[in-house]
Amino acid sequence: MSQQMQRIALASRPTGAPVAENFSFESVAIPIAKDGEVLVKLHYMSLDPYMRGRMDDAKSYAAPVAIGGTMEAGAVGEVISSNSPDFQPGDFAFGMFGWASHGCLPANQLQKLDPNHGPITTALGVLGMPGFTGWHGLNTYGKPKAGETLVVAAATGPVGSMVGQLAKQAGLRTVGIAGGAEKCALATEKFGFDICLDHRAYADANSLRKDLAVACPDGIDIYFENVAGKVLEAVIPLMNPHGRIPVCGMISWYGGAQGADATLTAPMIWRNILVKFLSVNGFIIMNHFDQYPEFLKQVGPMVAKGEVQYIEDIAEGLENAPAAFMAMLKGGNMGKQIVKLI
Ligand SMILES: NC(=O)c1ccc[n+]([C@@H]2O[C@H](COP(=O)([O-])OP(=O)(O)OC[C@H]3O[C@@H](n4cnc5c(N)ncnc54)[C@H](OP(=O)(O)O)[C@@H]3O)[C@@H](O)[C@H]2O)c1
């Protein structure tokens, strides 16, 4: 019998928030590396909010995962066999291997990692796709200037914490929004936010806006959009003329807008964009990977020196990935959500 590996497949498509029945844990044969391919035993995989979108059969910037297909994920691990001169057994690599214990990909789709340059998990978070997203979105569309005020929600996650720290270093007042007192303490104490508001403590956008106005006495110049919903509704009227809104994510709406996250209206948004001359830029980071080497060059040394801090929340075992994923979508993660596979 061929050697077996484990994977998690999409069993059915969720309606609203995903449930355990949407995932199936399976054993399948370990693939054999073909010409130019590399077989990797995976050590850690990433869980990211975008995976919720891949579970829907809806037209988007990327194809959905097929029913029965392996859930998509970036992962890091050790090469166990290689049919490419670029990788040797024992090398470490990052690739889009999926929710699985092993993965096989063409060498040209892999990024070689040097474990001597820091923990390989950083390739999934602070120095991987999410950290790069924060850096790119802030600098390219946020255009931060010293003395301005920035607001970002999901402030302790890998995107929000990168945005907050880089903005602080650029001389901005940084206002975080996060879920719960513990995350708010982390935002100010570890990630240097000037202040952090707990969005869960507010019943609606109007009450959140009152405290946000106090936290932002000079208004808001950059709102880095991660969550939409109640937070966006609170922020928009506080934007300053010529404010910038990099639209990175809208996690409060990923399972369908509900309750206080569902009261924002298009006329309110549209009018504020018009009368405040706001620049609103959506972006998908996979279209900008030509800038990834520059990001690593700039931010890699800052992470090594501790000038950019990060935290990782590591769940144990592939079988626990669905629970960790479902929890993350509701704010159950404390920092970058990762799954340890071995
Ligand atoms: N455009 C792109 O290419 C791109 C790339 C990467 C990520 N993103 C987006 O960036 C955002 C942050 O990603 P991340 O990886 O850093 O995630 P993350 O912060 O690790 O996890 C998501 C966080 O969203 C917050 N959240 C969930 N429901 C919320 C709600 N109703 N209201 C307010 N906050 C809510 C929770 O934090 P709290 O407990 O603090 O509320 C949760 O921990 C996501 O929207 C993601 O889709 C976009």
- Mind ordering 49-59, 319-329, 273-283, 241-251 by average Cβ neighbours within 10 Å, highest first? 241-251, 319-329, 49-59, 273-283
- Could you let me know the centre-to-centre spacing of segment 1-71 and segment 247-294, using Cα atoms, in angstrom? 27 Å
- Ellipsoid semi-axes in whole angstrom, largest first, where each is sqrt(5λ) of the Cα gyration tensor of segment 189-260: 19, 15, 14
- Tabulate in residue order the Karplus-calculated ³J(HN,Hα) for segment 4-18, using 6.51 cos²θ - 1.76 cosθ + 1.60 with θ = phi - 60°, rounded to whole Hz; enter x for Gly and Pro. 9, 10, 10, 8, 10, 9, 7, 7, 7, 8, x, 10, x, 5, x
- Query: If you check each cysteine of the chain for another cysteine whose beta-carbon is under 4.7 Å away, which ones come up empty?
  - Reply: Cys104, Cys216, Cys248
- Note on the structure: Residue by residue through segment 191-206, the couplings from Karplus 6.51 cos²θ - 1.76 cosθ + 1.60 with θ = phi - 60°, in Hz, x for Gly and Pro, are 9, x, 4, 5, 7, 9, 9, 8, 5, 6, 7, 10, 6, 8, 5, 5
- Item | Kirkwood Rh, Cα atoms: Rg over Rh of the chain | 0.98
- In what order do Thr156, Thr149 fall by count of nearby beta-carbon atoms within 10 Å, going from fewest to most? Thr149, Thr156
- Contact order relative to length of segment 129-285, as percent, for alpha carbon pairs under 8 angstrom and 6 or more apart: 22 percent
- Item | In Hz, Karplus ³J(HN,Hα) per residue of segment 337-342 (6.51, -1.76, 1.60; θ = phi - 60°; x = Gly, Pro) | 7, 10, 10, 8, 9, 10
- Any trypsin sites (Lys or Arg not before Pro) in segment 133-206 that lie in a DSSP loop and have at most 16 other Cβ atoms within 10 Å would be Lys145, Lys190
- With DSSP loop assignment and no more than 15 other C-beta atoms within 10 Å, the trypsin sites (Lys or Arg not before Pro) in segment 300-340 are Lys305, Lys330
- Task: Give the relative contact order (percent, whole number) for the chain; include only Cα pairs under 8 Å separated by 6+ residues.
- Result: 16 percent
- What pairs in Lys34/Lys340; Lys143/Lys230; Lys143/Lys190; Lys210/Lys230; Lys41/Lys340 have C-alpha atoms more than 21 Å from each other? Lys34/Lys340; Lys143/Lys230; Lys143/Lys190
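No lab work stands behind these numbers, since they all come straight from the coordinates. All of these numbers come straight from a predicted model, not from anything done at the bench. Neighbour counts run over all protein chains shown; Cβ positions are idealised from the backbone, glycine included.
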